[in-house]
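Quick notes on the structure that follows.
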Amino acid sequence: MIQTVVVEKDVQVAGETVVQTVVVEKEVQVAGETVIQTVVVEREVEVAGQTVVQTVVVEKEVPVEVVVVEEVEVVKEVEKEVEVVVTATPEGMMEEAMMEAIDIPDSKSTPGHVIFADVGSALGSISGNGGSLPDAPLQGDRWGAGEHLFTPGAADWDEPMLADTWTLAEDLSSVTINIRQGVQFHNGWGELKAEDIAWVINRTNPAINPESIAASAANFTALFGDVPVEAIDDYTISAQFNNFDVRWASNFLNQEASGGLTSMATSKRAFDENGRDWLKDNFIGTGPFSVTDFKSGTSVTLEKVDYDHWRKNAGIDSFKVLAVPEEFTRVALLQNGESDVSFIDPKDLARMKKAGFLEVGAGAGIQEGVMFPGNLWETTNAITGEAIDFPSHGVFVRPIQWVGNPHQPEDGDNPPGIDDMEQARLVRQALARSVDRAAIVEHVLGGVGNPVHVTYFSTFNPNWDSQYEYPYDVDAANKMLDDAGYPAGDNGVRFEMPLFVGPELGGGEGPAGEIGDAIAGFWTDVGINVKVLKYAYGVFRPGLVSRSTVVPMLTSCDDGQEAYPFDWPKGLVQTTLTRGGFSCGFESPDILEWYNAARNEPDREERIKINKEYLAYMHNWALFPGYVTVPQAYYANPNYIAEWPMHIGGSYNSPENIVLK
């Protein structure tokens with residue numbers, strides 16, 4: 001028999017009354033036995049002026065009695081006095097929610113097998129595919145199943161992987177790459193050849209294959225244009241650059257390419273013999289592991305290949321990734337030995353380290369900023385040279401507070417002396433200055449992480465200049481909004497605004513969702529009625545590709561990686577060079593000019609100078625203000641895993657390096 005009880009009661013917290021909801025489900029069997037009672041607590045508390053909803057799941061053993069009256073069974077819970085203490089801090093709430101410190105458990109995995117509880121956003125989140133089709137491949141390179149031409153090394157970002165040697169033309173017009181010989185595809189599909197690599201790049205490039213929805217695929221359009229990469233013999237490819245970029249090996253053709261762009265090797269013969277749909281569901285790679293089972297959005301299982309791998313024989317027999325969106329569940333799985341490694345939200349890192357779990361990771365952090373799509377300021381397509389017909393473009397059909405229209409700067413709602421570009425700039429500046437970044441780091445991230453002010457730039461880099469910070473200044477933000485012509489109404493609201501939470505850090509279900517809620521809370525304080533959107537990124541993405549959305553997005557937008565060098569060319573996906581594929585949703589002729597200058601510049605110091613000009617511009621126009629950097633952190637069971645070395649990157653990688661005790 002299942003009995004459910006719902007109780008709501010007011011609780012005083014630091015002078016405020018909050019509502020605590022308790023949902024109790026209990027299964028009752030016979031008198032004298034112990035049953036499990038599950039309590040789900042949802043409560044709203046005030047934290048630094050913001051409302052935080054905390055859900056707590058608690059299981060406890062409760063003795064029950066059965067009273068029989070005229071053959072009617074009545075279940076009652078033995079009365080027990082419980083004191084409820086509510087602390088108005090995220091740390092206090094999480095302490096109550098999480099299990100008490102326990103001894104490190106023994107792993108429940110079969111020896112040689114490793115289970116990893118991830119937040120789950122990579123498990124078919126865009127396409128649902130479990131195969132290696134280049135159009136929209138499964139991210140098998142993270143799991144040791146796929147390999148690229150280059151990979152980050154100990155000292156440089158362009159260490160050869162499947163590439164053996166290469167020759168770059170003196171005029172930077174082309175590159176010839178020799179492919180490593182003897183590399184085998186999984187499941188008997190033969191030796192990797194140059195035609196496989198050329199086919200993968202061409203199939204990914206939307207200028208050649210319009211069906212491609214691979215992540216950041218338009219970067220290949222910018223790099224190679226519509227000229228196919230060619231296999232000139234069994235082990236050599238030749239590529240003509242449409243727009244040379246100094247990062248061609250350290251990023252574009254790299255395992256850690258921006259935004260998940262992949263040139264991961266797969267078998268053209270498997271495609272030719274079985275077709276597109278077959279390769280969407282079957283993963284044929286060259287890595288130390290092969291994919292043996294894939295359930296979209298749920299799990300992926302990989303097993304060590306049964307032959308000597310050309311690069312490294314995996315140190316474990318199998319690696320299984322589970323999609324577990326809930327932080328509480330990921331921690332519980334690790335604490336009871338059901339998982340061997342778990343992705344841990346930043347706010348819980350200190351607790352896990354103190355408990356004795358082993359920290360592993362790629363040594364990088366994800367920058368979370370808000371980009372403002374719809375600010376399409378270029379008038380000529382940089383790829384085709386054709387004029388862009390903006391009067392018919394949907395983003396300028398009606399005035400949008402955060403979108404500036406240089407094509408029609410006087411749109412009828414501008415205050416005297418301010419055109420549409422300045423009006424929208426003031427709004428974006430106000431949104432950048434009305435958020436307390438330090439408070440988000442402290443209360444949402446648990447003190448782990450750091451503020452970011454202009455996305456793509458780390459405040460710890462020696463080239464950073466503090467003049468480009470956005471100080472937390474509510475009064476200044478309110479004045480900017482007033483000056484922009486958006487006074488608060490009688491209800492305190494100036495205007496409404498959506499905010500979409502991007503796919504990084506688990507999207508809306510992960511830490512990114514909490515960051516988005518916090519940013520929205522601060523914006524509410526200056527009169528912006530914000531609706532935070534947390535639906536699937538695959539639904540949102542087409543608007544970025546078509547340049548038709550005006551919805552601000554919380555994201556790293558490809559290059560928001562704390563570890564990326566300061567001198568790398570910035571802003572490719574903020575120009576028309578990636579039309580036909582992904583972008584940050586805004587385009588600027590000034591950004592195009594700086595990107596073109598940096599991508600062709602061989603001297604690192606000159607590239608730094610160029611990027612400082614880009615930094616000043618981005619700070620002034622506030623097209624992509626940053627808010628926080630979030631460390632990519634994982635904890636492992638030290639009773640089972642001795643170490644997991646990884647190369648630097650935006651997420652975990654190289655499970656073949658796992659060493660068990």
### Message
How would the range 523-661 be classified by its alpha-carbon gyration tensor: rounded, prolate or oblate, with rounded meaning a/c under 1.5 and the a/b versus b/c comparison settling the rest?
### Response
oblate
### Task
Pick out, in residue order, every one of the GluC sites (Glu not before Pro) in the range 359-391 that is DSSP loop and has at most 14 other C-beta atoms within 10 Å; say none if there are none.
Glu386
### Summary
For 154-162, 369-377, ranked highest to lowest by mean beta-carbon neighbours within 10 Å, the order is 369-377, 154-162
### Amide proton proximity set for Glu587, modelled H, under 5 Å, gap of 5+
Asn375, Leu376, Trp377, Glu378
### Query
What nm distance separates the two modelled labels at Asp389 and Glu359, each placed 7 Å from Cα along Cα→Cβ?
5.6
### Amide N of the range 643-661 lying under 20 Å from the label point, which is placed 7 angstrom from the Cα of Asp106 along Cα→Cβ
643, 660-661
## Note on the structure
A chain fully extended from Thr167 to Lys295 at 0.36 nm per residue, minus the present Cα-Cα distance, gains in nm 41.9 nm
### Whole-angstrom gap from the range 203-232 to the range 148-181, using each part's C-alpha centre
18
### Query
Hey, how many Å between the Cα centroid of the range 476-524 and the Cα centroid of the range 334-353?
31
### Task
State the extension gain, in nm to one decimal, for the chain segment bounded by Asp475 and Ser174, taking 0.36 nm per residue of separation less the distance between their alpha-carbons.
103.0 nm
### Query
Is the shape of the range 366-631 rounded, prolate or oblate, going by the alpha carbon gyration tensor and its root eigenvalues a ≥ b ≥ c, with a/c under 1.5 for rounded and a/b larger than b/c for prolate?
rounded
### Query
What ranking do Lys661, Lys612, Lys304 get, fewest neighbouring Cβ atoms within 10 angstrom at the top?
Lys661, Lys612, Lys304
### Query
How far, in nm, would the chain grow between Glu191 and Lys661 when pulled straight, counting 0.36 nm per residue and subtracting the alpha carbon separation?
165.8 nm
### Query
Hey, rough spin-label estimate for Asp482 and Asn381, points 7 angstrom out along Cα→Cβ, what's it come to in nanometres?
4.7
### Task
Please go through the residue pairs Lys320/Lys661; Lys570/Lys609; Lys268/Lys312 and name each one whose alpha carbons sit more than 22 Å apart in this structure.
Lys268/Lys312
### Task
Go through 569-579, 285-295 and give me the packing order, highest mean Cβ count within 10 Å leading.
569-579, 285-295
#### Entry: Cα coordinate range in the range 120-323, projected on the principal axes (Å, largest first)
47, 35, 35
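A short reminder: the numbers here are calculations on the coordinates, not readings from a lab. Given the structure is predicted, the values throughout are model-derived calculations rather than measurements. When we count neighbours, we look across all protein chains shown, and the Cβ atoms used for this are built from the backbone with ideal geometry, even at glycine.
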